Amino acid sequence: MNVPVIVTDGDERAALAIVRSLGRAGHRIFVCSVRGRSLAGASRYCESERAVPDPLEDPPGFASAVEAYAWEVGARVILPVSEAALLAILPARARFGDICVPFPEDAVFRRICDKALVLATARELDIAVPEQRLLTTPEDVSALEADQVRYPVVVKPSRSVADAGPGRRKLGVAFASNARELREHLGQLPAAAFPVMLQQRIVGPGVGVFLLMWDGRTDSVFAHRRIREKPPAGGVSVYRESIPADPELVRASTALLARFGWHGVAMVEYKIDSSTGTPYLMEVNGRFWGSLQLAVDAGVDFPLRLVRLALGQPLHPPAPYRTGIRSRWWWGDVDHLYAVLRRSREELALPPDFPARWRSVLDFAVLWRPGDRNEVFRWSDPAPAFRESVDWLARLRGRG
């Protein structure tokens, strides 16, 4: 194939999965990252790596640097990985000429990033969503009667990446178990975080439905369940397993994405209520996800299929993927255990059904089960794991 492809955000694990997938298929892979020395850039499949401005701090500078890199290497495809990278590149895609960026238009992407809008649209499609209250502006906080809120509650900005002056800012999720904690969390939020959702906390396993939609049809489907996360109360998955895709969740997810006119890859995240079995929609991520390597290992090569569709190349229908395949992000799992051992259940805002510390230690100590894969370390491509380990140990020294 020998098609030059640029992959952004080289320190993202999804970027590493993309580089390995496309590199094995014969594409020429070029990586860019803020440091210029990234996880994906260490892969044997990366031909070269370029340092670029941070897409959060300098979106125009980032887009200009990626554009210059693309013309220099003769790229035919650019794959932005993070939300910040997509928000920087999609508005500027006209500058890239005939270089393909296989994602929807900027306006569509911004709409799918609006969590409040996504959940409101889901209600129209009879998809279950958590109960919530929307605080549109910081002024709404002073009018909020925190004592009348149903606890525990999730404090979730409507956008994960918000405009903040000339740059952008990443925003996280917090948990409040009482009125005091809620006031503290709301008081720490910048104006750029609003609108903010106060959302009912759903306790139960997390399930992801992953889709590739192209020209109005669903090309590929995959599903996994989360086993452990970082932070432990809910965040990115560090250990997860491929499962059969629930036809009803696939139908609901496809209908939701179609309502937005979606085109490309997306992750639709659900929580299954432990007490009722009801799947509640949490959010949609219109980009490659952190656990992408699991889908590839199970038999759904989303990066390769997306690039072939974008280039109009022949493509066979996807074969059924393997269930029971598990992927472990080793250092993420270490961070999970470290948090559980060092901090109290209250500090971590753990749900009632979270295992006791001794159980967490025993679960972690099982280093391998049939079907397990190490997400980052591969014998055929060991350098990324070495680089990640060096970086993790450097951060550990910094914490000490």
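The values are calculated or read from the model by the stated rules, or taken from the named source; none is laboratory data. Bear in mind the structure is a predicted one, so any value in this text is a computation, not a measurement. Quick reminder, even Gly has a Cβ in these numbers, built from the backbone with ideal geometry, and neighbours come from all protein chains shown. Just so you know, the surface numbers come from the protein's heavy atoms only, side chains and all, with ligands and any DNA or RNA stripped out. Shrake-Rupley method; radii C 1.70, N 1.55, O 1.52, S 1.80 Å.
Projecting label points 7 angstrom from Cα along Cα→Cβ for Arg397 and Val149 puts them 4.1 nm apart. Contact order, relative form, for segment 1-142: 19 percent (alpha carbon pairs under 8 Å, 6 or more residues apart, mean separation divided by residue count). Taking the Cα atoms of segment 170-251, the ratio Rg/Rh between the radius of gyration and the Kirkwood radius comes to 1.08.
Using only the alpha carbon atoms of segment 8-71, find the Kirkwood hydrodynamic radius as the inverse mean reciprocal pair distance, in angstroms to one decimal. Mean inverse Cα-Cα distance, inverted, gives 11.6 Å.
Per residue, how much accessible surface does the chain expose to a 1.4 Å probe? Answer in Å², no decimals.
Details: 17330 Å² over 400 residues.
It amounts to 43 Å² per residue over the chain.
For the pair segment 1-31 / segment 183-197, the C-alpha centres are spaced 37 Å from each other.
What is segment 61-140's relative contact order, in percent, from Cα pairs under 8 angstrom and six or more apart in sequence? Provide the component values of the computation, followed by the final result.
Values: 42 pairs, mean separation 17.7, N = 80.
Over segment 61-140, the number comes to 22 percent.
For the chain, the 222 nm mean residue ellipticity estimated from helices alone, with every DSSP H stretch of n ≥ 4 adding -39500 (n - 2.57) and the total spread over all residues, rounds to -10000 deg cm²/dmol.
How large a share of the accessible area of the chain, in percent, is made up of carbon and sulfur atoms when the probe is 1.4 Å and the other protein chains stay in place? Before the final figure, lay out each step's value.
Details: 9380 of 17330 Å².
Exposed carbon and sulfur together represent 54 percent of the surface.
Between segment 67-81 and segment 270-286, what is the separation of their alpha carbon centroids in Å? Cα centroid of segment 67-81 versus Cα centroid of segment 270-286: 37 Å apart. Inter-part distance, segment 357-400 to segment 234-251, computed on C-alpha centroids, equals 22 Å. Across the chain, the relative contact order, built from alpha-carbon pairs under 8 Å that are at least six residues apart, equals 16 percent.
For an R0 of 25 angstrom, estimate the FRET efficiency from the Cβ-Cβ distance between Thr323 and Asn374 and round to the nearest 0.05.
0.85
Taking only the Cα atoms of segment 96-250, the ratio Rg/Rh comes out at 0.99, with Rh defined as the Kirkwood radius. With every protein chain in place and a 1.4 angstrom probe, the accessible-area ranking of Ser177, Ser142, largest first, reads Ser142, Ser177. Against the main long axis of the alpha-carbon atoms of the chain, helix 115-124 sits at an angle near 80°.
Simple spin-label estimate for Asp98 and Asn2 gives 1.8 nm between the two label positions (7 Å along the Cα-to-Cβ direction from each Cα).
Within the same chain, aspartates and glutamates fewer than 8 places from Lys271 are excluded, and of the rest, those with a Cα less than 17 Å from its Cα are Asp126, Glu131, Glu229, Glu241, Asp246, Glu248, Glu283, Asp353.
With 0.36 nm allotted per residue and the present C-alpha distance subtracted, the Arg251-Val203 stretch has 14.9 nm of extension available.
Taking 30 Å as R0, compute the FRET efficiency from the Cβ-Cβ separation of Leu134 and Leu348 and round it to 0.05. Given R0 = 30 Å and the Cβ-Cβ separation, E is 0.70. Cα to Cα, under 20 Å, and not fewer than 8 places away if on the same chain: which lysines meet these conditions relative to Lys170? Correct list for Lys170: Lys115, Lys156, Lys230.
For segment 40-122, list log₁₀ I(q)/I(0) at each q in 0.17 Å⁻¹, using the Debye formula over Cα point scatterers of equal strength and ignoring solvent, two decimals each. Computed log10 I(q)/I(0) values: -0.74.
Here the chain has an Rg and Dmax of 20.7, 62 Å, counting Cα atoms alone. Computed from Cα positions, the angle between helix 59-73 and the longest principal axis of the chain comes to roughly 20 degrees. Per-residue accessible area (protein heavy atoms, 1.4 Å probe) orders Tyr45, Tyr338 as Tyr338, Tyr45, starting from the largest. The DSSP beta bridges internal to the chain are antiparallel in roughly 75% of cases. Between 0 and 90 degrees, rounded to the nearest ten: what's the tilt of helix 13-24 against the longest Cα principal axis of the chain? It is inclined by approximately 30 degrees.
Specify whether the C-alpha gyration tensor of segment 31-187 places it in the rounded, prolate or oblate class, a ≥ b ≥ c being the square roots of the eigenvalues: rounded for a/c under 1.5, otherwise prolate if a/b is larger than b/c and oblate if not.
Because a/c hits 1.5 or more and a/b exceeds b/c, segment 31-187 counts as prolate.
For segment 209-330, the C-alpha radius of gyration divided by 2.2 N^0.38 Å, with N the number of residues, is 1.05.
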